[in-house]
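Take a look at the structure set out below.
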Amino acid sequence: MRAFDTRSASFDLLNEIDGGVVVLDAEHRVRHWNAWMRSASGLAPDEVLGRPLWEAFPALGASHLHTAVEDALVSGAPSILSHTLHPLLFPLRCRDGRAMLHDVTVLPLSVRSATHCLVQIKDVTERRRMQGALLESRMRYRAAFEHAAIGITECDLTGRFLQVNDRLRAILGRDRDELLRLRFQDITHPDDLENDRALLQGMLAGEIGTCCTEKRFLDRDGGAIWVNATGSLVPGSDGRPAYIVATIEDISVRKKVEVEREQLLVQKDMLTREAHHRVKNSLALAVSLLSVQSHKVTDEVAREQVLSAQHRVMAIARLHDRLHRSDDLEQVEIGLLLRELCGDLEAAVASEAGRYCVLTDVSAEVALPIDQALPLAIIVSELVTNALRHARPDGTPVEVVVRCHRPETGGLLISVADDGAGLPPDFDPARDGGLGLTILARLCEQLSARLEIPRTARGAEFVLHLQPDGLAG
């Protein structure tokens, strides 16, 4: 039993305590009522001092508090009463007017050798509110955990499953007890283990906050289950990593679709490549037939027209051959196409006339779609063929230079120049040009390009300008 001397200032010190303090004598009369009790109960000390406590609070007369006071006074037994278990305690209020939840401790006390009882009251309203909020939060988390549409798991830092929800069990085709005996590494596809280890080490080292990866788990039969896994470390009370929370989304259907799409793309590429190959072969046959036909035509004008047609078809055949041999079946590298095309034209004209020399100077490596590359190939074929055939009417050898580069202003510039006799001073493309120049004009219009014929001191030159806004490659 605690000794207490009312002649000292000890009772006054009780007013400084942040909690209720009530001292009762053997007849249950109030001998001290501290300032905290006055504030919480609304009763001033003058209203309760010298009176039995049960007169001030009649409802407490038959409560567990009355029994606890009797036990302390008679047998010296202390008691602790929680508002959770014994809601009928003091009718106290918080400062904002809410009913106060409080715990009460009852202790025996000796005051000048006389038996007394000390009643201590502690406000637990905020603590209980926080406990309730925490409990509600846990219940909501558990409900979300168990009924989520995606798999969720908690693992320790070694990868062992601590908790698994229904969706994850359904994804993996395994029951809870089985999973709780395993680590995620135990059911991970062997090809994905190294990546998993690297991600886990990175998280533990603080190098990775949240990791997200596509991986494969194994079902009971060893079949692969593709999932998208996102994991995060959860810190403990000491701030250090405590466990891992991961969400698991089944992406097997998506992966199957992706595989099927890849297979379809491969098949499409094969069919497209085969189509280019067959078109090239068909055009090559047409080139051969036109070559044979040109040797049977005696009229020079008609023969020139057949040969021009042959070279135009040759340009188209070379484009499809380039596409057939390229990794990209939708675009063609224009520099490679021009080099090969000029080589074809050079060989074809040499076999006919025995005079040729075509040089290519390509600095612009530009990939163009078919609808741009094809008219360009025909334009260059037309210009090179005309230069080889007509630059020098006397039949002496001629040199043709084809250049392709990007000017500083952007776009693409292709020029075809020869060292022949050049164009007549009064040459007018609209008036003097034949079918070839008419075709060039139409193709330039299709490309939104500009064809220039600058005056040169030697030979002839044709310059094709493709503007940046008209260049798709």
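Please treat every number below as a calculation from the coordinates, not as lab data. Here the structure is a predicted model, which is why all the values come from computation and not from measurement. No Cβ is skipped: glycine too gets one built from the backbone with ideal geometry, and neighbour counts run over all protein chains shown.
A few points about this structure:
- Selection among 180, 246, 90 by position relative to the dipole of the chain gives 90 as farthest towards the positive end (Cβ unit charges, Cα centre).
- Peptides 214-224, 230-240 ranked from most to least packed give 214-224, 230-240, packing being the mean of other C-beta atoms within 10 angstrom over each peptide's residues.
- Computed FRET value (nearest 0.05) for residue 84 with residue 243, which takes r as the C-beta separation and R₀ as 45 Å: 0.90
- Listed by chain and number, the aspartates and glutamates placed with their C-alpha closer than 13 angstrom to that of residue 255 are 214; residues fewer than eight positions away on the same chain are left out.
- Dipole of the chain computed with +1 at Lys/Arg Cβ and -1 at Asp/Glu Cβ about the Cα centre; of 456, 32, 423, farthest Cα towards the positive end is 32.
- Extension gain for residue 367-residue 336 works out to 10.2 nm (0.36 nm per residue, less the C-alpha to C-alpha distance).
- In the chain, one over the average inverse separation of all distinct C-alpha pairs is 32.5 Å, which is the Kirkwood hydrodynamic radius.
- Computed from the C-beta positions of residue 13 and residue 62 and an R0 of 30 Å, the FRET efficiency is 0.35 to the nearest 0.05.
- Size of charge dipole - region 79-131 - debye, nearest 20, with Cβ of Lys, Arg +1 and Asp, Glu -1, no other charges: 100
- Crossing angle, helix 64-74 versus the chain [Cα axis fit, 0-90 degrees, rounded to tens]: 50
- Among 54, 137, 263 the positive-end extreme of the charge dipole of the chain (Cβ point charges): 54
- Relative to the Cα centre, the charge distribution of the chain, modelled as +1 at Lys and Arg Cβ and -1 at Asp and Glu Cβ, gives a dipole magnitude of about 1440 debye.
- Model label sites at residue 127 and residue 455, defined 7 Å from Cα along the beta-carbon direction, differ in position by 10.5 nm.
- In this structure, residue 71 and residue 98 have a Cβ-Cβ separation that, at R0 = 45 Å, corresponds to a calculated FRET efficiency of about 0.90.
- Length, then width, then depth: along the principal axes, the Cα atoms of region 2-128 run 40, 28, 26 Å.
- Extension reserve of the residue 278-residue 427 stretch, reckoned as 0.36 nm per residue once the Cα distance is removed: 49.5 nm
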